[in-house]
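The values are calculated or read from the model by the stated rules, or taken from the named source; none is laboratory data. Quantities reported herein were computed from a predicted structural model and do not represent experimental measurements. All Cβ positions, glycine included, derive from the backbone under ideal geometry; neighbour counts span all protein chains shown.
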Amino acid sequence: MNYFNKLRDDIAAVVAAVGLPGAAFAVEPARDPAHGDVATNVAMILSKVAGRPPKELADLMISGLKAIDGVASADVAGPGFINFRLSSGFWLAQLQQILKSGLDYGRCDLGQGAKVNIEYVSANPTGPLHVGHARGSVFGDVLANLMESVGYHVVREYYINDAGAQVDALARSLHWRYREALGEALGDLPSGLYPGDYLRDAARELIANAGSRWLAVPEDDWLPPLRLYAIDAMMTLIRNDLLELGVGQSVFSSEHALVARGGVDEALAYLAEHGLIYQGVLEPPKGKKPEDWEPREQTLFRATQFGDDVDRPLRKSDGTWTYFAGDVAYHFDKIRRGFAVLIDVWGADHSGYIKRMQAAVKAMSEGRVPLDIKICQLVNLLDQGQPLKMSKRAGRFVTLRDVVDAVGKDVVRFMMVTRRNDVPLDFDLAKVREQSKDNPVFYVQYAHARCCSVLRNAQEAFPNVPFEPAALGAAPLTRLGDPGELRLIRALAGWPRTVEGAAQAHEPHRLAFYLFELASEFHAHWHRGNDDPGLRFIIAGDPDLTAARLGLVHAVRFVIAGGLRIFGVEAATEMH
């Protein structure tokens with residue numbers, strides 16, 4: 001349970017009881033712990049509605065606020081902010097709730113089953129995924145887990161860009177490797193073809209399936225079937241790479257199939273029916289000299305009516321569709337599938353397309369369906385601080401599988417979400433192998449492993465005492481009075497709010513920040529026990545105090561394990 005929501009409801013009841021109008025206000029952690037546990041701006045907000053000074057309104061409400069269950073004190077500060085200090089009984093009740101909920105603590109029904117489409121990875125099917133794709137893959141997958149944990153119905157989708165010149169080049173690359181594998185002396189690979197060794201593997205498989213069938217036939221005959229064969233081979237490679245990373249998507253949508261069934265025509269017909277397409281000439285692009293630009297009449301979408309900077313071409317002057325037209329059709333298809341929210345996870349090179357795509361979705365959904373586009377910035381792959389650019393296997397780049405093989409799935413998944421998606425991320429292979437606080441995934445997993453070690457040792461010390469979470473909920477938790485213990489409880493109680501906030505903002509990195517801070521608090525308390533034996537979790541001869549402290553340990557374990565479950569990372573019980 002998000003106790004901030006409960007306090008907001010209680011404060012709203014006091015507002016109504018004193019005859020003030022309702023309004024949306026904030027209940028947040030106090031900025032300075034010395035002032036209290038929680039603060040609200042309710043009086044400031046109501047001042048604008050009621051036309052009375054905020055301090056006057058705060059004074060009017062203060063007696064009712066002090067009477068809220070779990071509130072130890074409520075004080076008016078500054079121009080009208082209200083600070084609350086919550087009772088020890090309130091905090092112990094939060095601990096009991098964690099022990100009761102277990103790994104499900106923090107889950108909620110915020111989404112109420114609304115359908116969300118998260119499209120991520122969507123790499124061109126022209127080769128294996130590289131390390132840059134790892135970030136978007138993990139971000140999208142963790143975000144999907146997060147949205148599911150708060151009650152959304154999530155569809156995980158991959159859009160296969162299997163139409164256009166790049167897949168023709170892929171087919172020609174495969175045919176070149178196919179001829180090479182059959183013994184032709186071809187010399188250097190022609191420019192414009194894909195050089196990766198992965199195509200040699202695909203060519204050998206093609207020979208095993210088709211022999212020399214495509215060797216002496218015209219391109220017009222072999223290009224279509226080899227295009228399909230190559231796309232299928234590359235998508236198998238991509239799917240297998242994603243599975244190595246723990247990423248599995250339920251829907252794979254084909255651009256080629258969408259175009260073939262008339263998806264582009266349908267989307268543009270919708271826009272035309274609503275008067276959102278016209279024939280026009282665009283202004284010269286910014287930064288180009290007039291002589292570099294030719295005014296040409298094109299089919300344009302009225303993107304500026306929906307927040308874009310300029311109207312956008314849908315059809316080129318030669319009559320072919322623009323790339324944007326295909327994207328419009330794809331998003332029109334998603335809208336018609338009934339999603340309440342669309343989330344696209346794109347690479348850093350697509351940031352210039354955000355406004356036009358959001359404008360199109362706003363137009364086609366009549367403003368009903370929001371589109372949030374999350375840009376994942378570049379990953380700087382390092383080893384001991386030095387950049388890595390080459391891969392023995394692929395020849396041109398470091399593949400996603402290279403990185404997973406080097407450090408393991410769990411490390412890659414956690415580290416890729418330790419920073420905001422819209423800032424570059426340094427991924428140092430040497431650093432992520434370290435067993436230190438500088439390695440976030442180790443530090444968080446080590447906290448969980450330490451919890452498990454404490455629980456094992458306690459059972460050995462008190463073999464006849466039940467230390468299961470259900471039993472510990474009835475332990476004498478009032479004996480938890482050390483400031484370090486109370487800080488841990490307060491931190492744990494903030495987990496549901498963190499989960500909800502991360503889900504609403506589509507920002508899973510907030511969970512990584514939280515788990516690292518919780519792990520830091522737990523490790524710090526552990527070390528205090530080394531200095532002061534009276535603070536240790538296991539106290540020989542005092543099973544009641546031990547039980548109370550083990551309740552806290554179990555709660556830390558539940559929250560960390562629940563958080564790592566959202567990341568798709570194992571909650572280690574031992575560290576080697």
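Residues in segment 305-341 that are aromatic (Phe, Trp, Tyr) and within 25 Å of Met147 (Cβ to Cβ): Tyr330, Phe332, Phe339.
Is it true that Gly22 is loosely packed, with under 14 Cβ neighbours inside 10 Å and in contact with a helix residue (DSSP H, G or I) (Cβ under 7 Å, 6 or more places away or on another chain)?
Answer is yes for this residue.
Each residue in segment 475-496 was checked for being crowded, with 17+ Cβ neighbours inside 10 Å and without any contact (Cβ under 8 Å) to a residue 12 or more places away in the chain, and 0 pass.
Residues that are surrounded by fewer than 16 Cβ atoms within 10 Å (Cβ to Cβ), within 38 Å of the chain's Cα centre (by Cα) and free of Cβ contacts under 8 Å to residues at least 12 places away in the same chain are absent from segment 166-183. Taking the criterion of being assigned to a helix (DSSP H, G or I), acidic (Asp, Glu) and modelled with pLDDT of 95 or more, would at least one residue in segment 523-541 satisfy it? Among the residues of segment 523-541, not one is assigned to a helix (DSSP H, G or I), acidic (Asp, Glu) and modelled with pLDDT of 95 or more, which makes the answer no.
Exactly one residue among Leu472, Leu518 is surrounded by 16 or more Cβ atoms within 10 Å (Cβ to Cβ) and at pLDDT 95 or above, and that residue is Leu518. Of the strands (runs of 3 or more DSSP E) lying entirely inside segment 276-349, the ones with 2 or more residues being closer than 30 Å to Ala503 by Cα, of a type outside the set (A, V, I, L, M, F, W, C) and in contact (Cβ under 8 Å) with a residue 60 or more places away in the chain are found at 341-347.
Considering Leu515, Leu486, Leu552, the condition of being of a type outside the set (Phe, Trp, Tyr) and under 17 Å from the mean Cα position of the chain (by Cα) is satisfied by Leu515 alone. You will find that of Leu223, Leu186, Leu193, the residue that is in a helix (DSSP H, G or I) and not basic (Lys, Arg) is Leu223 and no other. Kindly evaluate Val345 against the criterion of being crowded, with 17+ Cβ neighbours inside 10 Å, among the hydrophobic types (A, V, I, L, M, F, W, C) and in contact with a Lys or Arg (Cβ under 6 Å, 6 or more places away or on another chain). Yes, satisfied. Of all residues in segment 170-178, one or more are touching a Ser or Thr at 6+ places or on another chain (Cβ under 7 Å) and part of a helix (DSSP H, G or I). Exactly one residue among Ala470, Ala502, Ala447 is closer than 13 Å to His554 by Cα, under 25 Å from the mean Cα position of the chain (by Cα) and among the hydrophobic types (A, V, I, L, M, F, W, C), and that residue is Ala447. Among the residues here, Val247 qualifies as out of contact with any Lys or Arg (no Cβ under 8 Å at 6 or more places or on another chain), under 29 Å from Phe567 (Cα atoms) and part of a loop (DSSP other than H, G, I, E, B).
Among the conditions (1) in a loop (DSSP other than H, G, I, E, B); (2) without any contact (Cβ under 8 Å) to a residue 24 or more places away in the chain, Gly352 misses just one, which is (1). Taking the criterion of being polar (S, T, N, Q) and buried (at least 17 other Cβ atoms within 10 Å of the Cβ), would at least one residue in segment 546-558 satisfy it? Yes: segment 546-558 contains one or more residues that are polar (S, T, N, Q) and buried (at least 17 other Cβ atoms within 10 Å of the Cβ).
Among the residues of segment 501-515, is there at least one that is under 20 Å from Arg479 (Cα atoms) and part of a loop (DSSP other than H, G, I, E, B)? No, there is no match, as no residue in segment 501-515 is under 20 Å from Arg479 (Cα atoms) and part of a loop (DSSP other than H, G, I, E, B).
Of all residues in segment 220-264, those satisfying the criterion of being acidic (Asp, Glu), surrounded by 13 or more Cβ atoms within 10 Å (Cβ to Cβ) and more than 21 Å from the chain's Cα centre (by Cα) are Asp232, Glu255. Looking at segment 49-149, the strands (runs of 3 or more DSSP E) lying wholly inside it that each contain 1 or more residues that are within 17 Å of the chain's Cα centre (by Cα) and buried (at least 18 other Cβ atoms within 10 Å of the Cβ) sit at 115-119.
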